[in-house]
Amino acid sequence: MKLSELADQSATSTTTLKHWIRVGILPPGELKNTTTAIYDQRHVDRAKLILVLRDVYEASTTAIRALTDLIDTEGTTTLDVMNACQTFALGTPEDLASDPSYVEFSERTHELMRRRDWRGYPGAAERGLTHALAQAAEVGLDYDVETLMEYADALEPMAGRNVAALGPTGSPDEVARRMLLAVNARARQLVAVSSLAHAAASVRSAIERGVAPPDLAMPPAAPGS
């Protein structure tokens, strides 16, 4: 396909595509002659991945190139790509293992992994939980392993279904794009459900204390009722 067709299929402009080629995050096309290059599906997949990184994650060109360089490295596996995407999405510091202030939270993460036989050490998700536990503790939410086990009881079955639904199929760029979109959507969904649960708990507490009417903030009636 020509550059204009690539622009159409990836929902971007030829000017943007030329810039991505110049900065090294989109491979150049195969030269047909001195003035024309031909592009294929791998360019479409890469352009769509770059759009997600740019528009959803607001990534810099340097950050995008780090991920695309990994994808383009010979011998990189699907698991390598998925771990890199988790690192990208979580934004977790790489030096947690050497920081003594994280030791307590790291051990909680590792104990959770041991109890549930969760594999992923060392990895982005493991570092991400350690970092999240430390951040939560700073605002007074000190989650112990038993509490983490309660979360895991609910999340593990969903994780299995999510992995089956997404599947590690397609080009590495397509796998990365789907995973990054899924991580973003899943995080928003979990935060929204948690926020709704906390709002409901606050309303229920106000009703029980007699400072709010019993019909406060009721959801709409079911259709047809």
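The values are calculated or read from the model by the stated rules, or taken from the named source; none is laboratory data. Just so you know, these numbers come straight off a predicted model, no measurement behind them. No Cβ is skipped: glycine too gets one built from the backbone with ideal geometry, and neighbour counts run over all protein chains shown.
Quick notes on this structure:
- Scope region 98-119; condition assigned to a loop (DSSP other than H, G, I, E, B) and buried (at least 16 other Cβ atoms within 10 Å of the Cβ); matching residues: W118
- Looking across D95, D80, D40, one residue alone is over 22 Å from A182 (Cβ atoms) and at pLDDT below 95. It is D95.
- Unmet criterion (only one of (1) surrounded by 14 or more Cβ atoms within 10 Å (Cβ to Cβ); (2) touching a residue at least 24 places away in the same chain (Cβ under 8 Å); (3) within 30 Å of L70 (Cβ to Cβ)) for A182: (2)
- Sole exception among (1) farther than 27 Å from P93 by Cα; (2) free of Cβ contacts under 8 Å to residues at least 24 places away in the same chain for E138, by number: (1)
- Residues in region 116-161 that are over 22 Å from the mean Cα position of the chain (by Cα) and among the polar types (S, T, N, Q): T147 alone.
- Some residue of region 24-36 being closer than 26 Å to A182 by Cβ and exposed (fewer than 14 other Cβ atoms within 10 Å of the Cβ): no
- Where a residue in region 51-71 is part of a loop (DSSP other than H, G, I, E, B) and its partner, wherever it lies, is among the aromatic types (F, W, Y), with Cβ under 8 Å and at least six apart: Y57/F88; A59/F88
- Test: residue in region 128-145 that is of a type in the set (D, E, K, R), part of a helix (DSSP H, G or I), more than 19 Å from N184 (Cα to Cα) and modelled with pLDDT of 95 or more: yes
- Residue within region 38-46 that is assigned to a helix (DSSP H, G or I) and within 25 Å of G123 (Cα to Cα) present: yes
- Residue selection: A47 satisfies the criterion of being under 20 Å from A176 (Cα atoms) and either in contact (Cβ under 8 Å) with a residue 12 or more places away in the chain or in contact with a Pro (Cβ under 7 Å, 6 or more places away or on another chain) (or both).
- The listed residues are L49, L53, L6, L67, and the only one of them that is more than 22 Å from Y143 (Cα to Cα), in contact with an Asp or Glu (Cβ under 6 Å, 6 or more places away or on another chain) and not assigned by TED's automatic domain parsing to the domain that holds D142 turns out to be L49.
- Of the residues making up region 94-123, just one is touching a Phe, Trp or Tyr at 6+ places or on another chain (Cβ under 8 Å) and closer than 19 Å to M82 by Cα, namely M113.
- Test result for T87, under 30 Å from V145 (Cβ atoms) and in contact with a Lys or Arg (Cβ under 6 Å, 6 or more places away or on another chain): no
- Considering residues of region 17-44 that are of a type in the set (G, A, S) and in contact with a strand residue (DSSP E or B) (Cβ under 8 Å, 6 or more places away or on another chain) only, the residue farthest from A59 (Cα to Cα): A37
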